[in-house]
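S.K.: What follows is a structure written as structure tokens; I'll ask about it next.
The values are calculated or read from the model by the stated rules, or taken from the named source; none is laboratory data. A quick note: this is a predicted structure, and the numbers were derived from the prediction, not measured. All Cβ positions, glycine included, derive from the backbone under ideal geometry; neighbour counts span all protein chains shown. The accessibility values were calculated without ligands, DNA or RNA, using every heavy atom of the protein model including side chains. Shrake-Rupley method; radii C 1.70, N 1.55, O 1.52, S 1.80 Å.
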Amino acid sequence: QVQLVESGGGLAQPGGSLRLSCTASGSIDTIYSMGWYGQAPGRQRELVAAISSDGSTNYADSVKGRFTISRDNAKNTMYLQMSSLEPEDTAVYYCHAHTIVALTTIDEYDYWGQGTQVTVSS
């Protein structure tokens with residue numbers, strides 16, 4: 001089992017920056033990929049950025065060139081550096097982990113953090 005805890009959300013002005021952090025604990029060796037999802041009011045939860053165990057990354061078109069996902073394996077922490085923030089970035093951001101566990105069978109699981117609020121407003 002994996003536990004995820006986010007931090008770093010808050011209020012920022014348009015054009016400003018925030019850095020979100022997600023620290024994982026538990027069976028961290030089973031994590032195949034991690035990502036950040038955003039859920040705006042009245043909207044579906046959508047992928048913002050993801051990073052795989054091999055270091056490959058994937059970004060939503062709306063954040064390319066503005067957000068950067070990274071990880072510090074020694075600290076079991078994933079980051080989302082958010083720059084050039086726009087009001088449309090306002091959402092609750094959730095940390096996500098996808099795990100693969102190989103015992104008698106190969107099983108895959110998804111874990112979510114509690115979310116951290118990001119508000120971009122002038």
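S.K.: Test A40 against the stated conditions and say whether it is under 11 Å from the mean Cα position of the chain (by Cα) and modelled with pLDDT of 95 or more.
M.R.: no
S.K.: Got at least one residue in the range 28-36 being charged (D, E, K, R) and under 15 Å from the mean Cα position of the chain (by Cα)?
M.R.: No, the range 28-36 has no match at all.
S.K.: Further, regarding this structure: Out of the residues in the range 66-80 meeting the condition of being charged (D, E, K, R) and surrounded by 12 or more Cβ atoms within 10 Å (Cβ to Cβ), tell me which one is nearest to G16 (Cα to Cα).
M.R.: R66
S.K.: Working only within the range 41-65, note down all residues that are open to solvent by 30 Å² or more (accessible area, probe 1.4 Å) and either in contact (Cβ under 8 Å) with a residue 40 or more places away in the chain or in a loop (DSSP other than H, G, I, E, B) (or both).
M.R.: Residues satisfying the conditions are P41, G42, R43, Q44, R45, S53, D54, G55, S56, K64, G65.
S.K.: Provide a single number: the residues in the range 56-70 that are in contact with a strand residue (DSSP E or B) (Cβ under 8 Å, 6 or more places away or on another chain) and not β-branched (V, I, T).
M.R.: Counting residues in the range 56-70 that are in contact with a strand residue (DSSP E or B) (Cβ under 8 Å, 6 or more places away or on another chain) and not β-branched (V, I, T) gives 6.
S.K.: OK, next. Starting from residues that are more than 25 Å from L85 (Cβ to Cβ) and hydrophobic (A, V, I, L, M, F, W, C), keep the ones in the range 25-40 and report whichever is most open to solvent (accessible area, probe 1.4 Å).
M.R.: I28
S.K.: Among residues belonging to the range 82-116 that are of a type in the set (D, E) and in a strand (DSSP E or B), point out the one that is farthest from F67 (Cα to Cα).
M.R.: Per the criteria, the residue is D107.
S.K.: Does Q13 satisfy the condition of being closer than 12 Å to A97 by Cα and surrounded by fewer than 14 Cβ atoms within 10 Å (Cβ to Cβ)? Walk me through it before giving the result.
M.R.: Numbers: closer than 12 Å to A97 by Cα: no; surrounded by fewer than 14 Cβ atoms within 10 Å (Cβ to Cβ): yes.
In short, no.
S.K.: Shifting gears a bit: Hey, among S83, S122, which residue is touching a residue at least 24 places away in the same chain (Cβ under 8 Å), out of contact with any strand residue (DSSP E or B) (no Cβ under 9 Å at 6 or more places or on another chain) and open to solvent by 20 Å² or more (accessible area, probe 1.4 Å)?
M.R.: S122
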